[in-house]
Ligand code: SAJ
């Protein structure tokens with residue numbers, strides 16, 4: 001089938017869409033294309049997830065507005081069917097790959113087991129004329145070096161001659177999956193310009209924002225760059241915060257006045273950088289650079305600054321406790337917030353984990369509270385009662401409503417360390433607390 005025929009089948013919604021990987025990216029996009037009128041086949045290796053989806057119930061944790069209702073609707077209409085077997089891809093005209101692409105903890109190189117397996121499984125079922133699109137975030141150059149060979153070897157087909165290939169990096173965010181998916185612009189990187197145009201026509205059926213066509217390497221660079229940009233910006237804010245602490249200044253006042261200067265947008269300093277993409281994507285970009293003989297220096301440096309912030313939070317607690325002659329060894333520390341983001345239950349790469357590890361290494365007893373995380377919910381004051389210090393790691397709304405005097409009452413020692421500017425130093429000191437905050441000199 002030619003690209004023109006594929007384009008026609010997309011316009012008439014006759015094209016069958018396959019989605020490999022029904023995680024937070026794949027499930028949302030599968031539902032969106034099913035809602036747009038396509039018959040969608042989802043492939044998921046976790047059998048219990050397949051069963052849940054086919055029964056119309058969402059396996060997603062946390063609040064995803066509209067997703068559960070949409071999933072029930074499209075599965076009950078038979079527009080979306082999930083399976084553990086890749087054979088159902090055989091009659092698909094378009095196949096999206098949305099599998100995890102983690103980086104190795106020490107070498108920071110991407111580990112492409114899932115991506116390679118997906119390319120092989122898709123290749124085995126690939127028909128001439130089909131279009132394969134990778135939505136996973138990958139190191140620039142991965143489509144050419146990993147996905148294309150995997151598909152060609154498993155199928156015996158040739159890209160552009162027999163099948164089509166592209167990269168459309170996802171831009172979803174937990175808690176706003178469907179919203180981001182349908183309202184944020186997307187980059188359609190095609191192995192050929194004609195492929196990119198057909199990709200745009202496909203995504204036009206679910207995306208109301210810009211669809212920018214380009215080539216694969218540019219699409220791979222855009223996604224990793226936009227997240228590396230954010231990581232560097234956050235690291236800059238964190239480094240200025242540490243300088244402000246040393247100089248006895250308030251980083252938030254500095255930031256407010258800096259951002260009055262044209263085209264300055266200093267980000268928010270804080271207790272660390274978590275999540276599924278910001279801590280990872282800079283390493284994907286640095287890996288691609290290394291493959292071309294260029295050693296990225298700023299990207300690893302930014303990661304080092306951001307990954308030092310949780311340790312700094314522990315150090316602030318040690319410093320504040322020492323004002324009361326309380327060594328950290330044997331002290332009880334209550335940590336408020338385990339999710340990586342305010343008002344979220346997502347705990348991937350949470351900065352709270354290294355704080356807990358550091359405090360325990362120093363001999364502290366650590367209690368953790370988080371209103372959104374199973375097993376950590378409950379009464380905040382029960383967590384804080386009789387602790388020698390309270391540390392705020394996440395700006396959940398419920399922490400912002402805490403009464404400082406009441407906090408002071410239940411603490412054994414009046415020590416509060418604030419990693420997300422939840423409280424102002426003056427108010428904390430007014431309540432009789434020994435206060436430390438990121439960037440609050
Ligand atoms: N953080 C800071 N300072 C900041 C911003 C964030 O310390 O100024 C911390 C947060 O506390 C969190 C981590 O960084 O621990 C990541 O926060 P995030 O707001 O970037 O949220 P994410 O990880 O969900 O990022 C997603 C990304 N979206 C996609 O990958 C599609 C990112 O590209 C978006 O910029 C971000 O959402 C967004 O803007 O909401």
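Among the conditions (1) more than 10 Å from the ligand (Cβ to nearest atom); (2) at pLDDT below 95, residue 185 misses just one, which is (2).
Within segment 232-246, residues that are under 8 Å from residue 305 (Cβ atoms) and not assigned by TED's automatic domain parsing to the domain that holds residue 420 reach partners that are assigned to a helix (DSSP H, G or I) and within 13 Å of the ligand (Cβ to nearest atom) with beta carbons closer than 6 Å, at six or more positions or on different chains, in the pairs 235/302; 235/305; 235/306; 238/305; 238/309; 239/305.
Evaluation of residue 219 against the conditions (1) buried (at least 23 other Cβ atoms within 10 Å of the Cβ); (2) away from the ligand (no atom under 15 Å from the Cβ) shows that the sole unmet condition is (2).
Residue under question is residue 235, and the condition is that it be surrounded by 21 or more Cβ atoms within 10 Å (Cβ to Cβ), part of a helix (DSSP H, G or I) and more than 12 Å from the ligand (Cβ to nearest atom); does it hold?
No, not satisfied.
Taken over segment 168-180, the residue count meeting the criterion of being near the ligand (Cβ under 10 Å from one of its atoms) and within 21 Å of residue 214 (Cβ to Cβ) is 5.
A residue that is under 25 Å from residue 245 (Cβ atoms), within 16 Å of the ligand (Cβ to nearest atom) and crowded, with 20+ Cβ neighbours inside 10 Å can be found somewhere in segment 398-413. Condition test on residue 320, is it out of contact with any helix residue (DSSP H, G or I) (no Cβ under 7 Å at 6 or more places or on another chain) and either at pLDDT 95 or above or within 12 Å of the ligand (Cβ to nearest atom) (or both)? Answer is yes for this residue.
Elements of the type helices (runs of 4 or more DSSP H) sitting completely within segment 142-207 and holding at least 2 residues that are touching a residue at least 24 places away in the same chain (Cβ under 8 Å) and closer than 30 Å to residue 372 by Cα: these cover 177-183.
Take the conditions (1) at pLDDT 95 or above; (2) touching a strand residue (DSSP E or B) at 6+ places or on another chain (Cβ under 7 Å); residue 160 misses just one of them, which is (2).
When we screen 220, 256 for residues that are in a helix (DSSP H, G or I) and in contact (Cβ under 8 Å) with a residue 40 or more places away in the chain, the only hit is 220. Taken over segment 240-297, the criterion of being away from the ligand (no atom under 16 Å from the Cβ) and touching a helix residue (DSSP H, G or I) at 6+ places or on another chain (Cβ under 6 Å) is satisfied by 286, 296.
The values are calculated or read from the model by the stated rules, or taken from the named source; none is laboratory data. The structure presented is a predicted model; accordingly, all values stated were derived computationally and were not measured. Cβ coordinates were reconstructed from backbone atoms using ideal geometry, including for glycine residues, and neighbour counts include every protein chain displayed.
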